[in-house]
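Contents: one structure, followed by commentary.
Coordinate-derived values only; no laboratory data. This one's a predicted model, so the numbers in the text were calculated from it and none came from an experiment. Virtual Cβ from ideal backbone geometry, glycine too; neighbours counted across all protein chains shown.
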Amino acid sequence: MKARVTTFAVLLTAALVGHVIALRMSPEYQGRVREFEQGFLDFLMANSQESFQKAVPDSSADVVLVEFREEDKAEFSAWPPAPLDYIMLMKKLAPANPEVIAFVEPLRWEASDAQFIGKLRELLLPVPSVVLGFDVSTEKAESSPEQQEFVSSGLPFFRAQAGDFSQAGTTFQSVSHLPDKALRIGTEVGIARVLPGTAVKESYEALPFVVSDGSHLVPTLPAQTVSRFLRMASFNLHLRFGPGARLSLSDTHVVPLDKGGSMVLDDKPTVPKLDALMLLTPRIDDSVPDTSTDVLGKGKVVVIGIGAFAQAQARAIAQALAVPHLHRAPQWGEWAFAGAMALFSLWQFRRGRIKALLAGILLAALAAIVCMLTFQSSLWWWSPAPATVVLATTTLFCFLWPHRKRAAPEPKAQDLSDVVGDAAA
């Protein structure tokens, strides 16, 4: 028994030390552990969607929608609104110092309005980040030279992804509407609409955060806006498909998605809304009403668009920004959990081969349940790697070197004669 315990202690220590050394010395091992951790997080998120929804606030503190309402289009000189309308709107929004302005409609006009595009671009220059929406189609179509150039050199895409590439829920074949080339200089672009090839009623219950062109994963307007507000480049974001699908903005800030990369829109947070026509209505002092100033605040995301589709885009952005952050346990917490697993695994030590194997499976299931319940209640999680090393080493050792009961010692010859004599008496 003593030799068995000593051997086990040596093997477990060697396994843990080897794990630590490999994490520091082997990039390949680091990558495997990282992927194992992300797979574990897939499991946690796939079973904890309601935990994110409950923690979202009722109203967004970061996003404001400025809406051109369909019922007001008779009040405008052109519809969709002309460049002059956007120029006047930018002047009204300037005092609020928005951090990001996202335009849902592709800002492109005929030659008669082209003279105003330069002025609009000047007004956009002081804004820290501008995101312009463009439209794509699910059908192949003949592309203009400008569209071909944009697809080859101007199309944004995610550099990091995991899961099956074909699982992207939305795919496009061609670019249909682009913002003016002059406005695209120094700004970000993101897909606003994926126009169906046939007449299909638009639904705003879910919006894609990523769209595939068959060879790249292209971010949408909400994804670009969120990354710019958080001052991150879209190619540094990490996207995962399948169960537990998410867009990872950092190790702690993740946006839950469905398996195909779309966000299911919830009832909250609601997005404060301003009427564009009201902002453009002339006032004596050319100021913005106090109520509108309070809504705009300072340093927010301002989404500008038309009707219900713009509302859906704003809701998606607000929901992504309002998602509660994950909490990852410090390294000592991960090792404390591994130590607890080591104590529980002593239960295996005095079991036979089959019972030790079953005990290992049971302990793994209990550990997964504890991790899941902790994640669901407080969004805390930790790397399962150290605990897995402990449990795997213990289970393998107990399976290969099972506990055996000692046989009862045979009676000595003298003892045997005494027994026979007693029986005869």
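FRET efficiency for Val264 and Met232, Cβ-Cβ distance as r, R0 = 25 Å, nearest 0.05?
The computed FRET efficiency comes out at 0.65.
Compute the Cα gyration tensor for segment 239-371, then decide on rounded, prolate or oblate, letting a ≥ b ≥ c be the square roots of its eigenvalues: rounded whenever a/c is under 1.5, prolate when a/b is larger than b/c in the other cases, and oblate in all that remain.
Prolate.
Suppose the chain between Glu142 and Ala336 were pulled fully straight at 0.36 nm per residue; how much longer would it get relative to their current alpha carbon spacing?
Using 0.36 nm per residue and subtracting the Cα-Cα distance, I get 63.7 nm.
I'd like to compare 312-319, 270-277: which one has the highest average count of other Cβ atoms within 10 Å, and what's the full order after that?
In decreasing order of mean packing, 312-319, 270-277 become 312-319, 270-277.
Per residue of the chain, what 222 nm ellipticity follows from adding -39500 (n - 2.57) for every DSSP H run with n ≥ 4, rounded to the nearest 500?
Computed mean residue ellipticity for the chain: -14000 deg cm²/dmol.
Compute the angle between helix 307-322 and the longest alpha-carbon principal axis of the chain, please, reported from 0 to 90 degrees and rounded to the nearest 10.
40 degrees
Could you list the residues of segment 38-74 with an amide nitrogen less than 18 Å from a label point located 7 Å from the Cα of Ala368 in the Cα-to-C-beta direction?
In segment 38-74, the label zone of Ala368 (backbone N under 18 Å from the point 7 Å along Cα→Cβ) covers 38-49.
How do the peptides 35-44, 138-147 rank, highest first, by the average count of neighbouring beta carbon atoms within 10 Å per residue?
Ranked by mean Cβ neighbours within 10 Å, highest first: 35-44, 138-147.
Collect residues whose amide H, placed 1.01 Å from N in the peptide plane, falls under 5 Å from the amide H of Ser176; neighbours closer than 5 in sequence don't count.
Asp135, Val136, Ser137
What residues qualify as long-range amide H neighbours of Val127, i.e. H under 5 Å apart, gap of 5 or more or another chain, H built at 1.01 Å from N?
So Val127 has HN proximity to no qualifying residue.
Please work out, to two decimal places, the log10 of the ratio I(q)/I(0) at q = 0.06, 0.08, 0.10, 0.12 Å⁻¹ from a Debye calculation in which every Cα of the chain carries one identical scatterer.
The Debye formula, applied to the Cα set alone, gives -0.38, -0.58, -0.79, -0.99.
With both partners inside segment 59-322, how many of the DSSP beta bridges are antiparallel, as a percent to the nearest 5?
Around 35 percent antiparallel, to the nearest 5.
Which cross-chain or sequence-distant (5 or more) residues have an amide H under 5 Å from the amide H of Ser143, H modelled 1.01 Å from N in plane?
Correct list: empty.
At what distance in nm do the modelled label points of Lys298 and Val20 sit from each other, each positioned 7 Å from its Cα along Cα→Cβ?
So the label points at Lys298 and Val20 sit 4.9 nm apart.
Can you compute the modelled spin-label distance between Glu71 and Gln115, with each label point 7 Å from Cα toward Cβ, in nm?
Taking the simple label geometry, Glu71 and Gln115 are separated by 3.6 nm.
Hey, with R₀ at 51 Å, roughly what FRET efficiency would Thr6 and Gln49 work out to, going by the Cβ-Cβ distance, to 0.05?
It comes out at approximately 0.60.
Is the shape of segment 315-359 rounded, prolate or oblate, going by the alpha carbon gyration tensor and its root eigenvalues a ≥ b ≥ c, with a/c under 1.5 for rounded and a/b larger than b/c for prolate?
In terms of gyration-tensor shape, oblate.
Sketch the reach of a paramagnetic label on Tyr204 as a point 7 Å from Cα along Cα-to-Cβ, and name the residues of segment 60-93 whose backbone nitrogen lies under 12 Å away.
65-70
Quick one: if you stick a label point 7 Å off each Cα along the C-beta vector at Ala182 and Ala308, how many nm between them?
According to this spin-label approximation, the distance is 3.6 nm.
For Trp380 and Leu346, what is the calculated FRET efficiency with R₀ set at 30 Å and r taken between the beta-carbons, to the nearest 0.05?
0.70
Using each residue's phi in segment 379-389, evaluate 6.51 cos²θ - 1.76 cosθ + 1.60 at θ = phi - 60° and report the 3J(HN,Hα) Karplus result to the nearest Hz, with x for Gly and Pro.
Once rounded to whole Hz, the list reads 6, 8, 8, 8, 5, x, 4, x, 5, 5, 4.
Determine one quarter of the surface area of the Cα convex hull of segment 1-94, which equals its mean projected area, and express it in nm² to one decimal.
14.4 nm²
What residue among Thr374, Thr170, Thr225 has the largest mean-square fluctuation in a Gaussian network model of the chain, using Cα springs under 10 Å?
Checking each option, the largest mean-square fluctuation is seen for Thr374.
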